[in-house]
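First the structure, in the form of structure tokens, and then the observations on it.
No value in this document is a laboratory result; all are computed from the given coordinates. These numbers come from a predicted model, not from an experiment. Glycine gets a Cβ as well: all are built from the backbone with ideal geometry, and neighbour counts include every protein chain shown.
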Amino acid sequence: MIKKKVHLSLALISMALSGHVSSADASGDPIVAAPGREVCQVRPVTISDKQVDAKLCVTSGNFSHDKYSVRIGWSRVVEGIDDETTWGIAGTYKGNAVSLTCVPQVKQPGTDQGAAVDAMAKSLQEHGGDKPEQAHDLAIHMLSVETGRLCTFRQGDQALMAIQVDFH
């Protein structure tokens, strides 16, 4: 029962996070993550009235965590795994507080998968005693797929760059 509550909580958090951000917020071409390989994209940003090149790098794990980092010059200013970047990680660059947040983007099952959602919800309801709406929400979460992340590098509240990361 506790495990189901955790899954339901994660489902609701995931839907809430993915709902307020869209890939339209990103500029330029997306990064296409490649398992076991670091892929980077460079963008000019302005920190404390000075323009510098910031590099967002993603190393996609093979059945493990993805690693995200932002480098400016030779300095790695923020770095963390996907779970950490979901909520945001902090760093500094020449005394300036910066952060990186990579919000998951989730594709929920399409209408053509309605029968699968209904069958899973029915099973969850019968075996776990969930209420119909809880079982349905959990089934949708379990059949949803994370398709990418929208990574935003900030100084304070100011977004310096936003880059879409796509998983294939």
Residues being over 15 Å from Glu38 (Cα atoms) and more than 14 Å from the chain's Cα centre (by Cα) - total across the stretch 64-95: 12
Which condition does Gly88 not pass, out of (1) on the phi < 0 side of the Ramachandran plot; (2) touching a Leu at 6+ places or on another chain (Cβ under 9 Å); (3) not charged (D, E, K, R), if it passes all the others? (1)
Here are some conditions: (1) surrounded by fewer than 20 Cβ atoms within 10 Å (Cβ to Cβ); (2) under 18 Å from the mean Cα position of the chain (by Cα); (3) among the aliphatic types (A, V, I, L, M). Ala119 meets all but one. Which one does it not meet? (2)
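So that you can scan it fast, the table gives a plain yes or no per residue for (1) over 23 Å from Val106 (Cα atoms); (2) among the hydrophobic types (A, V, I, L, M, F, W, C); (3) touching a Gly at 6+ places or on another chain (Cβ under 6 Å):
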| position | (1), (2), (3) |
| --- | --- |
| Gly36 | no, no, no |
| Lys55 | yes, no, no |
| Arg71 | yes, no, no |
| Gly80 | no, no, no |
| Trp87 | no, yes, no |
Out of the stretch 60-71, which residues are part of a strand (DSSP E or B) and surrounded by fewer than 20 Cβ atoms within 10 Å (Cβ to Cβ)? Lys67, Arg71
Looking for something within 19 Å of Glu146 (Cβ to Cβ), in a strand (DSSP E or B) and either of a type outside the set (A, V, I, L, M, F, W, C) or in contact (Cβ under 8 Å) with a residue 40 or more places away in the chain (or both) - is there at least one such residue anywhere in the stretch 40-54? no
Select from the stretch 122-155 the residues that are surrounded by fewer than 18 Cβ atoms within 10 Å (Cβ to Cβ) and among the acidic types (Asp, Glu) and list them in ascending order. Glu126, Glu133, Glu146
